[in-house]
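Since the structure comes first, as structure tokens, the remarks are kept for the end.
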Amino acid sequence: MLEVKDLHVTVEGSEILKGLNLTVNPGEVHALMGPNGAGKSTLSAVIAGKDGYEVTSGEVLFEGKNLLEMEIEERALAGILLGFQYPVEIPGVKNIYLLKAALNAQRVARGEEEIPAPEFMKLVREQLSFMKMDGSFLQRAVNEGFSGGEKKRNEILQMLVLQPKLAMLDEIDSGLDIDAMKVVAEGINSLRNADRAILMVTHYERLLEHIVPDRVHVLVDGRIVKSGDKNLANELEARGYEWVLEESAA
Amino acid sequence: MSAAHAFLQRLGERVDDEPTWVAARRQAGAARFEALGFPTKRDEAWKYTDVRRIAEGEFTLADDAELDEARFAALGMPLDAHRLVFVDGVFSAALSDLTDLPDGVSIEPLTTAMRTNHEAIGGAIGRLAGVDFSPFTALNVALSEEGAVVRIGQGAVVEKPIYVVFASRANESARMSHPRVLVMAGARSQSTVVEHYAGEVGAANFTNVVSEVMLERGAIVDHYKLQEASSEDLHVASIHVEQGRDSRFTSFNLNLGGALVRTDLVTDLNAQGAETHYNGLFFVQGRQHVDNHTLVNHNAPNTFSNENYKGILNDRARGVFNGKVVVKRDSQQIEAYQNNANLLLSDRAEIDTKPELEIYADDVKCSHGATTGQLDEEAVFSLRTRGIDEQMARGLLTLAFAGEVMDQVRLPVIAERVERAVAGKLPERFNLADLVEVSDALEEA
């Protein structure tokens, strides 16, 4: 589904990603781990299409198509959704409006009819209660005045409504208490299916207790230096990153 | 020869069979206009607004109101309303609809009102806006012929809006008009008045309107001014409001069109309990210039005013906001709030904003502020990552900026019109009126 090949990315003149390779297949959950500054968030930003990231070489394919040539919204319509580490507040735009506009943009792109209002409200209400959010959320402006945990839940709510093919979650666990973490993890787990891929960028192993990954990658200095199964995450938790660095240098 | 004199001379001698007192009023207006002259940038109130395009223009007065249904339909709003239509200032009986007026309500063209009831109307008109307010009000007095007169009797509640349309045609040569609007809202009456200025594409006319709104004790008036003149039209307006005890006036000053636009809005809160709400929105692009000057006079204790003006400027457009609140001596226990926020969508757009407070009493609650900013690019990105295209993302955020003002608009037809102008065609109403209904229905189910 997602193929990242020898990706080099420069931000403000300095190279952050230095030949990153990664393949994510449908049905898989990948965790990308690594110390601060390794380039974890850069990868998701490049895939989402954020400005200020210059791809100097390499390619990113999504379902065989060159992702880097697509507009930001085209990537979203193709089925990629990024859950932000720091979701932006959008004063004046109601959550409900964003959800409906985004869902309809997808449907129109697929050549379908816009969703009828009752069907939409039913869908949204179901997902809301699943995320343990109350109805007032819908009438509030996107993320405005939300606590950290509410913002993260809201990102997952958008995923549940929009049902992406590839869900990328950038440090979705940061700033969550254990209860919020459980709700968020449940939301993410409910997204798992044979056709969907999930790519999680995280610092901590804690999240991976709740969402068990198929593959764990260690990103150090712009490259994936080690990949393994879920046990790798446990090992990182126990031993830190130093041994991986030494091993890869050897 | 002064520019003002030359301006009147170009119009030539007018042959009218008006009563002498009307002719005398005209002459007084003309004399005052010539004495004041067109304002220049040296006048503080006109510092940022250059009216040479008006002063040097060659305009004639229209003498017909021809506009077929199709052309009118392209300009007017589908409002279920009592409707008065003027075409380049000339009354059109054919396009107006004054059937089924409620008891105690009279809506007439000025000429008719003057003929049938000249004592009541002649005395009221010009009482709030005489020849001294500005050169343009003087010019209006000199040249005004027609207008709308709305009288709402004591206790009358007018359910439908009173919709006054001023259509500006794409004429072969430029026209000008100097309409009057007079609204006399009786005690405890309730009404909504919409002044709609709509220009055809290619219209290049000059409109110079003076409106007076008088609210007696306990009257409630919602006043909309929706200005959608063409990109070549020149538009000068002043709105003068006088409020009696416990009356409530709500103004919506919505400017979307025009090449050069100036609006003055003045309210005198003359008795206890009077409250006024100023909601303003201007959206300008290209080389449009829109100037809003507002003034609230708290002439009595226990009066309230709240002003919120939002400006959205694109391209090389220019905006001016000058909002003044004056609290007279002994006007204690008043509240006055004022806010102006502007959104610049282009580096070359420009806004001059000046909130002013003059307070001569000590027991007051007042605040004012002005901000200017740009669209949040992070928010644009964030919306696009949800599949919303860039144009719509920017439109939504722009509309969100206008939200506080738009949320107050109680006529959906007007809200939709403004939404479309600001954000383009959206898949649905920004306030999601239909979804709210569905949601409520689900709640009950």
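Each of the trypsin sites (Lys or Arg not before Pro) that DSSP puts in a loop and that has at most 14 other Cβ atoms within 10 Å breaks chain B; the longest unbroken stretch is B:128-286.
Could you pull out every one of the lysines with an alpha carbon less than 19 Å from that of A:K230, ignoring same-chain neighbours closer than 8 positions? Answer for A:K230, where 19 Å is the Cα cut-off: A:K40, A:K182, listed by chain and number.
Summary of the geometry: the stretch B:13-81 and the stretch B:101-120, compared by the centres of their Cα atoms, lie 22 Å apart. Mind checking the angle between helix A:148-162 and chain A's longest principal axis? C-alpha axes, 0 to 90 degrees, to the nearest 10. Helix A:148-162 and the main axis of chain A meet at about 80 degrees.
For chain B, the relative contact order works out to 9 percent when only alpha carbon pairs closer than 8 Å and six or more residues apart are counted. A 19 angstrom limit on the alpha carbon distance is what I want to check against. Which of B:K225/B:K328; A:K65/A:K165; A:K94/A:K152 exceed it? Going by Cα-Cα distance, B:K225/B:K328 fall outside the 19 Å limit. Simple spin-label estimate for A:N21 and B:V22 gives 9.2 nm between the two label positions (7 Å along the Cα-to-Cβ direction from each Cα).
Plainly put, the stretch B:3-394 has a radius of gyration that is 0.97 times its Kirkwood radius, both from alpha-carbon atoms, as the Rg/Rh ratio. The relative contact order of chain A comes to 28 percent, based on Cα pairs under 8 Å that sit 6 or more residues apart.
Between the alpha-carbon centres of the stretch A:99-119 and the stretch A:142-210 there is a gap of 23 Å. Per residue of B:365-378, other chain Cβ atoms within 10 Å of the residue Cβ number 1 on average. In degrees between 0 and 90, to the nearest 10, how far off the longest principal axis of chain A does helix A:117-130 point, with axes built from Cα atoms? That helix lies at roughly 50 degrees to the long axis. Other protein chain C-beta atoms within 10 Å of residue C-beta, averaged over B:310-318: 0. Using only alpha carbons, chain A has a radius of gyration to Kirkwood radius ratio (Rg to Rh) of 0.97.
Taking Cα centre as origin and charging only the Cβ of basic (Lys, Arg, +1) and acidic (Asp, Glu, -1) residues, the dipole magnitude of the protein assembly as shown rounds to 700 debye. Taking the centroid of alpha carbons for each part, the stretch B:341-410 and the stretch B:179-221 are 27 Å apart. As a ratio to 2.2 N^0.38 Å, the alpha-carbon radius of gyration for the stretch A:196-250 is 1.11.
Filter the GluC sites (Glu not before Pro) in the stretch B:40-136 down to the DSSP loop ones having no more than 12 other Cβ atoms within 10 Å, then list what survives. Passing sites in the stretch B:40-136 are B:E56, B:E58, B:E66. Please determine, in degrees from 0 to 90 and to the nearest 10, the orientation of helix A:230-239 with respect to the longest principal axis defined by the Cα atoms of chain A, where the helix direction is its Cα long axis. Taking the Cα atoms of chain A, the angle to A:230-239 is about 60 degrees.
Count Lys and Arg as plus one, Asp and Glu as minus one, and take only other residues whose Cβ is under 10 Å from that of B:S305; the net charge is then -3.
Inter-chain Cβ neighbour count for A:67-76, averaged per residue, equals 4 (cutoff 10 Å, partner chain atoms only). For the stretch B:206-299, the relative contact order is 29 percent, taking Cα pairs closer than 8 Å that sit 6 or more residues apart in sequence and dividing their mean separation by the residue count. Calculated on the Cα set of the protein assembly as shown, radius of gyration then Dmax: 31.1, 107 Å. For the pair A:Q163 and A:D221, the difference between a 0.36 nm per residue extended length and the Cα-Cα distance amounts to 17.6 nm. Averaged over residues, the count of other Cβ atoms within 10 Å places the peptides B:138-147, B:103-112 in the sequence B:138-147, B:103-112, highest first.
Counted over chain B, the DSSP beta bridges are approximately 5% antiparallel. FRET efficiency for the pair B:L8 and B:D363, taken as 1/(1 + (r/R0)^6) with r the Cβ-Cβ distance and R0 = 45 Å, rounds to 0.40. On the basis of the beta-carbon distance and an R0 of 30 Å, A:L123 and A:V212 show a calculated FRET efficiency of 0.65. Among residues other than B:P102 with Cβ under 11 Å from its Cβ, the summed charge is -2 (Lys and Arg +1, Asp and Glu -1). Among residues other than B:V213 with Cβ under 15 Å from its Cβ, the summed charge is -2 (Lys and Arg +1, Asp and Glu -1).
Checking every one of the GluC sites (Glu not before Pro) in the stretch B:353-431 against DSSP loop status and a limit of 14 other Cβ atoms within 10 Å picks out no site at all. Across chain A, the longest piece that holds none of the trypsin sites (Lys or Arg not before Pro) lying in DSSP loops with up to 14 other C-beta atoms within 10 Å covers A:133-250. Straight Cα distances below 17 angstrom link B:K47 to the lysines B:K324, B:K354, with same-chain residues fewer than 8 positions distant left out. The simple spin-label model puts a point 7 Å past each Cα toward its Cβ; for B:E66 and A:E247 those points are separated by 9.0 nm.
Can you tell which of A:L67, A:G52, A:L82 lies farthest toward the positive end of the dipole of the stretch A:38-93, using +1 and -1 charges on the Cβ of basic and acidic side chains (Lys, Arg; Asp, Glu)? It is A:L82, whose Cα lies furthest towards the positive end.
The numbers here are math on the coordinates, done by the rules we state, and not lab data. Note that the structure is a prediction, hence the values are computed from the model and not measured. Quick reminder, even Gly has a Cβ in these numbers, built from the backbone with ideal geometry, and neighbours come from all protein chains shown.
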